[in-house]
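Right, one structure below, let's go through it.
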Amino acid sequence: MQRPYNFSAGPATMPAAVLQRAADEMLDWPFPDGRRSGMGVMEMSHRSEAFGLILEQALADLRELLAIPEHFRILFMQGGALAENAIVPLNLSRGEAAGFVVTGSWSQKSLAEAGKYCQAQLVATCDGYTGIPDPAGWHIDGRNRYLHICSNETIHGVEFHTLPDLAALGCDIPLVIDFSSHVLSRPIDWSRVGLAFGGAQKNIGPAGLTLVVVREDLLGQALPACPSAFNYEIVAKNNSMYNTPPTYAIYMAGLIFQWIKARGGVAAMEAQNIAKAELLYHFIDQSAFYRNDVDPAVRSRMNVPFFLADESRNAAFLEGARERGLLQLKGHKSVGGMRASIYNAMPLAGVQALVDYLRDFEAEQA
Ligand SMILES: *Cc1c(COP(=O)(O)O)cnc(C)c1O
């Protein structure tokens, strides 16, 4: 069966092979050694031998895929990335000040939420959210407990292609990154990161799982009011089992990790993501009918917002796309226009089908 191509920003498309495997194992999950568990993953105790194996394999595969050093802890949490906008300051700010670089809607939300728990200071921003101000010009206060960035702005399509080196900028405070929408699409330089967080539903798996990767020395500073289930030190001590973790979402994430490993790991994902993004941006740039407004140096490889020159054609464009099996291309309501999210699970053939449609639709209008 040829499934339509789904360009949703999230929850987003998943590899058909992964969905099929989950379907095969839905009623009776098999142990790696061939024993039958006699139950589906949703029905297992999180303390069972079977789920313990699923959790440990997922943690090990993620650590390997992203080359996460030993002095970082991987936490599987709940609440989504928006909950982390509160959980991070509850854990790291000590009620003092933290800095925020605002490059789009998501970092803007992070700044606003953190203000409930600490002095949230705007360090740098860019009008219209179409670029990233040069880090050399950021006004970072060395007393800030951490500096927050959104390393890929899902709505505005702005991506940090290199993470800022705060030590080199003379301000060695922990860098916090919201990597929800590009985690596992490219390698990460952990020497520049204190904490990374993201919801799973963009580039990993189903909604309900939140990934946190935190440097060990940042544990143990939570404010007294921090809920225990959101206290990184408590979650880490309990190996993400202080309370019931999102077991099925962890299982699905684990299947995705294995799928990425089988396809050559994160470096192979990155090469494919570069090819997909270049194909789409190149077509948009050579056309007078479509437009992307983001500074080419910081365009996202994952989320490509674009506009039709004649916006009165938007509804016809979306209807024609749907008829060709190209789904969920409507832009975020705050930006308008169109957006194609082309995460790991979107094959090059899907982007090629989109480019073919863009060309044909443009020709019809002439
Ligand atoms: C989707 C998204 C969020 C919000 O995630 P929720 O799981 O809905 O809380 C936050 N940040 C970024 C970068 C996102 O893409």
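The values are calculated or read from the model by the stated rules, or taken from the named source; none is laboratory data. Only a predicted model underlies this, so the values are computations on that prediction, with no experimental measurement involved. Here the Cβ positions follow ideal geometry from the backbone for every residue, glycine too, while neighbour counts run over all protein chains shown. For the accessible areas, the whole protein counts, side chains as well, though only heavy atoms, and no ligand, DNA or RNA atoms are used. Shrake-Rupley method; radii C 1.70, N 1.55, O 1.52, S 1.80 Å.
Look at R215 and say whether it is of a type in the set (K, R), more than 30 Å from N6 (Cβ to Cβ), open to solvent by 10 Å² or more (accessible area, probe 1.4 Å) and under 22 Å from the mean Cα position of the chain (by Cα).
Details: of a type in the set (K, R): yes; more than 30 Å from N6 (Cβ to Cβ): yes; open to solvent by 10 Å² or more (accessible area, probe 1.4 Å): yes; under 22 Å from the mean Cα position of the chain (by Cα): yes.
Spelling it out, R215 is indeed of a type in the set (K, R), more than 30 Å from N6 (Cβ to Cβ), open to solvent by 10 Å² or more (accessible area, probe 1.4 Å) and under 22 Å from the mean Cα position of the chain (by Cα).
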Practice problem: Within region 87-111, track down each residue that is within 11 Å of the ligand (Cβ to nearest atom) and either open to solvent by 10 Å² or more (accessible area, probe 1.4 Å) or basic (K, R) (or both). | Solution: S105, W106, Q108, K109
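Scanning region 165-181 for residues that are more than 8 Å from the ligand (Cβ to nearest atom) and closer than 22 Å to L65 by Cα, which turns out surrounded by the fewest Cβ atoms within 10 Å (Cβ to Cβ)? Spell out how you get there, then give the answer.
Of the residues in region 165-181, the ones more than 8 Å from the ligand (Cβ to nearest atom) are 165-177.
Among the residues that remain, those that are also closer than 22 Å to L65 by Cα are: 175-177.
Values: L175: 23, V176: 28, I177: 25.
It comes out as L175.
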Exercise. Six or more apart or on different chains, Cβ under 8 Å: which pairs go from a residue in region 71-82 that's more than 19 Å from M241 (Cβ to Cβ) to one that's part of a strand (DSSP E or B)? Could you list them?
Key: H71/R215; G80/G199; G80/T210; A81/D178; A81/F197; A81/G198; A81/G199; A81/T210
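Working only within region 38-83, note down all residues that are of a type in the set (D, E) and either farther than 17 Å from K261 by Cβ or open to solvent by less than 70 Å² (accessible area, probe 1.4 Å) (or both).
Initial filter on region 38-83 (of a type in the set (D, E)): 43, 49, 56, 61, 64, 70.
Listed by number, the residues that qualify are E43, E49, D61, E70.
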Exercise. Please tell me if V355 is under 22 Å from the mean Cα position of the chain (by Cα), of a type outside the set (S, T, N, Q) and either open to solvent by 10 Å² or more (accessible area, probe 1.4 Å) or not assigned by TED's automatic domain parsing to the domain that holds R21 (or both).
Key: no
Practice problem: Starting from region 274-301, keep only residues that are open to solvent by 50 Å² or more (accessible area, probe 1.4 Å), then list their pairs with residues that are basic (K, R) whose Cβ atoms are within a distance under 8 Å, requiring at least 6 positions of separation or different chains. | Solution: I274/R301
Quiz item: Residues in region 207-224 that are out of contact with any Pro (no Cβ under 9 Å at 6 or more places or on another chain) and at positive phi: how many?
Solution: 1
Quiz prompt | Failed item in (1) open to solvent by 20 Å² or more (accessible area, probe 1.4 Å); (2) hydrophobic (A, V, I, L, M, F, W, C); (3) more than 18 Å from the chain's Cα centre (by Cα), with A268 passing the rest | solution = (3)
Quiz item: Does region 298-332 hold any residues that are over 25 Å from the mean Cα position of the chain (by Cα), under 22 Å from A275 (Cβ atoms) and not in a loop (DSSP other than H, G, I, E, B), and which are they?
Solution: A321
Self-check item: Check on L184, more than 13 Å from the ligand (Cβ to nearest atom), within 25 Å of A277 (Cα to Cα) and either modelled with pLDDT of 95 or more or not in a loop (DSSP other than H, G, I, E, B) (or both)
Solution: yes
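Restrict the check to region 128-135 and report whether at least one residue is within 12 Å of the ligand (Cβ to nearest atom), part of a helix (DSSP H, G or I) and surrounded by fewer than 19 Cβ atoms within 10 Å (Cβ to Cβ).
Step one: of region 128-135, the residues within 12 Å of the ligand (Cβ to nearest atom) are none.
No: zero hits.
Residue by residue, here is whether (1) under 26 Å from E270 (Cβ atoms); (2) outside the structural domain of S180 (by TED's automatic domain parsing); (3) modelled with pLDDT under 95; (4) basic (K, R) holds:
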site: N85; (1), (2), (3), (4): no, no, no, no
site: N91; (1), (2), (3), (4): no, no, no, no
site: A98; (1), (2), (3), (4): no, no, no, no
site: Q108; (1), (2), (3), (4): no, no, no, no
site: K116; (1), (2), (3), (4): no, no, no, yes
site: P133; (1), (2), (3), (4): yes, no, no, no
site: N152; (1), (2), (3), (4): yes, no, no, no
Self-check item: Within region 133-179, tally of residues that are closer than 21 Å to G331 by Cα and β-branched (V, I, T)
Solution: 3
Quiz item: Just one of the numbered conditions (1) within 16 Å of the ligand (Cβ to nearest atom); (2) within 22 Å of P69 (Cβ to Cβ); (3) acidic (D, E) is not true of E159; which one?
Solution: (2)
Quiz item: Is it the case that some residue within region 192-205 is in contact (Cβ under 8 Å) with a residue 24 or more places away in the chain, within 11 Å of the ligand (Cβ to nearest atom) and open to solvent by 20 Å² or more (accessible area, probe 1.4 Å)?
Solution: yes
Practice problem: Of the numbered conditions (1) open to solvent by 30 Å² or more (accessible area, probe 1.4 Å); (2) under 23 Å from the mean Cα position of the chain (by Cα); (3) away from the ligand (no atom under 16 Å from the Cβ), A225 fails exactly one; give the number of that condition. | Solution: (2)
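Any idea which of P224, P245 is more than 28 Å from M14 (Cα to Cα) and not assigned by TED's automatic domain parsing to the domain that holds N344? Please lay out each step first, then the result.
Numbers: P245 fails: more than 28 Å from M14 (Cα to Cα).
After applying the criteria, what remains is P224.
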